[in-house]
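One structure below.
Please treat every number below as a calculation from the coordinates, not as lab data. As the structure is a prediction and not an experimental result, all values here were calculated from the model. Every residue, glycine among them, receives a Cβ derived from its backbone with ideal geometry; neighbour counts consider all protein chains shown.
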């Protein structure tokens, strides 16, 4: 009965989703105007003339595109408790960004508006979409098992115990509305533990007796939890423990390399898989079609979008496009203005539009995380697809990987290569074939890479380095970034991360 009531309640959002699908430009113009008028009395709003709610073109002329580093002077003041700097009022919660493993953390404001009008609204949209796509599954009749990080006192305000910083997942869990907390498991005292080995063990012991119908989280940690619950229960597989398990909501990393393993861990045709695109800065997209991994861009969630074309990624003052101006199949860097006070903020993600009616995207990578040491322009989307193809061809399952250039000696300076460091759950039956399929798929997907690989002219065949189980986890732990949404950088033009990981083997 309660599940039916919740289903009815969340499905009321379906009309709003249809509205922004059908009227995307009008909705985005309204969002921009509302953001500007809401922030007009802030210091930033006064500085940039928000009082007259300038239209999109004039807004882009008045306000510069900013990276985190460029916006940091204002963000630090917000962290230290100043009010009305970027957004009205004083911000109490901050998401400690874990998008990369850089030593310096980023602290992203999480306002009441961004929680309720962005993250929670999008969460209802995802739930409504799931109940629409999988009506027979009755996903709200059971509990949603979600794994997140933790939060701690704001180090910039030691005298303000109510000001906190942490993984965005922890910030969201701590502030969930009652209906969402009702359907979630485990309890907060377990969900927010900060020591991950203890956390997994205690959660596994708690949830093996819970009617779990939905999983939500990063694939790598969900895998660890499923295996431990199955082991504790003495079951053949997790469906014996959770017979009503029907859906996995996943994000943070590409799902392709994990898909086959999940089919093994959760056998049977009952499972559905839906991807979400959320980050410390906001909740941007969700998969609204069961058999297509394209993500519907969320347009009425307090975020105004702009897009930087690929040839402007490194420009000091990049030109941007509005939603009306984007084209299919091109890479764009995402720029957002939000109800958390991020103005024309370059988050570092790149996307490609797969549909313009409605607007759907795929995440293609990071503006700083790609392989282009030799003009090959390999993006994360290419890497994930090639890794998935190599797994299918060789019966392998990947836990984690990273890749970086190989720079040859001066005598061979015209020829470079790539080294792929891979930690497998199930290693390939033929590592040589794995590397060959990886290379072949990259050549099919990426014409620049293919041209460089032609007759080994500029790039030689990739080198596959297989590392022991736990290597990447040890590296993350050494950097103090184990757990939550912390993840390994997949691609880099520097060998720094790769060499650090290899040192774990010494």
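Helix-only mean residue ellipticity at 222 nm, the chain, DSSP H runs n ≥ 4 weighted -39,500 (n - 2.57), per residue, nearest 500. What is it?
Value at 222 nm, helices only: -10000 deg cm²/dmol.
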| task | Assign one of three labels to the range 148-303, namely rounded, prolate or oblate, based on the Cα gyration tensor with a ≥ b ≥ c the square roots of its eigenvalues; rounded applies when a/c is under 1.5, prolate when it is not and a/b is larger than b/c, and oblate otherwise. | result | oblate
| task | Just check the range 10-111 against the gyration tensor rule for me: Cα atoms, a ≥ b ≥ c as the square roots of the eigenvalues, rounded for a/c under 1.5, and otherwise prolate or oblate depending on whether a/b exceeds b/c. | result | oblate
| request: Could you tell me what percent of the DSSP beta bridges with both partners in the range 115-279 are antiparallel, to the nearest 5? | output: 20 percent
| query | Using alpha-carbon pairs under 8 Å, 6+ residues apart, how would you state the relative contact order of the chain in percent? | reply | 14 percent
| task | Kindly put 301, 19 in sequence by how many other C-beta atoms sit within 10 Å of each C-beta, fewest to most. | result | 19, 301
| said: With both bridge residues required to lie in the range 212-324, what share of the DSSP beta bridges run antiparallel, to the nearest 5%? | reply: 45 percent
| note | Expressed in angstrom and rounded, the centroid-to-centroid distance over alpha carbons for the range 253-294 and the range 136-190 is 21 Å
| query | Pick the calculated Cα Rg over 2.2 N^0.38 Å for this structure from (i) 0.97; (ii) 1.15; (iii) 1.45? | reply | (i)
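Please report the antiparallel percentage of DSSP beta bridges with both residues in the chain, rounded to the nearest 5.
Counting only bridges with both partners in the chain, antiparallel ones make up about 65 percent.
Quickly rank 188-201, 170-183 as a protection proxy: mean count of other C-beta atoms within 10 Å, highest first. Write down the numbers at each step before the final one.
Values: 188-201: 16.0, 170-183: 17.6.
Per-residue mean Cβ counts within 10 Å order the peptides as 170-183, 188-201.
Pull out a ≥ b ≥ c, the square roots of the eigenvalues of the alpha-carbon gyration tensor of the range 83-205, then state rounded if a/c is under 1.5, prolate if not and a/b is larger than b/c, and oblate in the remaining case.
The shape class here is oblate.
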| Taking 84, 18 and counting other C-beta atoms within 10 Å, the order from fewest to most | 18, 84
| task | Please order 424, 20 by the number of other Cβ within 10 Å, starting at the fewest. | result | 424, 20
